[in-house]
Amino acid sequence: MNSLSLFSGAGGGLLAEKYLLNWRSIGYVEYNTYCQKVIAQRIKDGFLDEAPIFGDINSFIESGAAKKYKGFVDVVTGGFPCQPFSVAGKREAQDDSRNLWPQTLTVLCDVRPRFALLENVPGLLSVNGGGYFAQILADLAESGFDARWCVLGADDVGAPHRRKRLWIVATYQDALGSGRMVRETQEGRVQVREQRESSPRGGERVFRNTPDVADSP
């Protein structure tokens, strides 16, 4: 599996991708210069795959670099910034300048990977009464992605701390091989409905608020 990493950080997740899943990284997008240096050193040491390291996601999109990855990427991964949604902050969602969900969606539309693996804080489920998470699901559905999600923490795999996180797995409908793409949320699960029109933008969308799950350290 070829992966394109957004918001790569210092590469902890990238090591898991490579050594647990045997994925091959073909691009890194990370604006922090220190983290860029860490990734570059890990590449030099042979721990990470050699691939371009891009800076700010806006430049990655505006330069046309994102579109050049179309047809080469199996999975796009990314934990888009959580500050606009965390219960530790003001929770301004779309009104927070740090909200980079729109840019994340743009990359998904430009690249058209088979899968997307996205991560955020559980507070995303309840911000704006669940409305912003519903918008994210709508964005994915309208762009042709079938989404599933759940909340998992370190304690779920035996660690002595919680650190709950929201995980979203989205599959591009061409990879599904079906005309199903629109879903209704019920208790954190997705129920797939048959698409009513052939156009990716022609389906029915029904969303209900998901349960309120607090962020955890």
### Task
Take the alpha-carbon positions of segment 1-136, form their convex hull, and give its projected area averaged over all directions (one quarter of the hull surface) in nm².
8.2 nm²
### Summary
In this structure, among K67/K164; K37/K68; K37/K90; K44/K68; K44/K90, pairs with alpha-carbon gaps over 29 Å are K67/K164; K37/K90; K44/K90
### Query
What nm value, rounded to one decimal, do you get for the distance between R98 and A159 when each label is placed 7 Å out toward the C-beta?
2.0 nm
### Where segment 21-150 is the region considered: accessible area per residue in Å², 1.4 Å probe
45 Å²
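Let me know the charge dipole size of segment 1-115 about its Cα centre in debye, to the nearest 20, where only the beta-carbon of Lys, Arg (+1) and Asp, Glu (-1) is charged.
180 debye
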### Query
Using the per-residue mean of other Cβ atoms lying within 10 Å as a proxy for protection, in what order, highest first, do the peptides 29-35, 68-74 fall?
29-35, 68-74
### Query
What FRET efficiency comes out for the pair A138/E50, r = Cβ-Cβ distance, R0 = 45 Å, nearest 0.05?
0.75
### Query
What is the extension gain from A40 to R114, computed as 0.36 nm multiplied by their sequence separation minus the C-alpha to C-alpha distance, in nm to one decimal?
24.0 nm
### Message
If every alpha-carbon in segment 71-161 counts as one equal scatterer, what log10 I(q)/I(0) does Debye give at q = 0.19, 0.20, 0.22 1/Å?
### Response
-0.94, -1.02, -1.17
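The values are calculated or read from the model by the stated rules, or taken from the named source; none is laboratory data. Every value quoted in this text rests on a predicted model; they were computed, and no experiment measured them. Virtual Cβ from ideal backbone geometry, glycine too; neighbours counted across all protein chains shown. Side chains included, ligands, DNA and RNA excluded: accessible areas come from the protein's heavy atoms. Shrake-Rupley method; radii C 1.70, N 1.55, O 1.52, S 1.80 Å.
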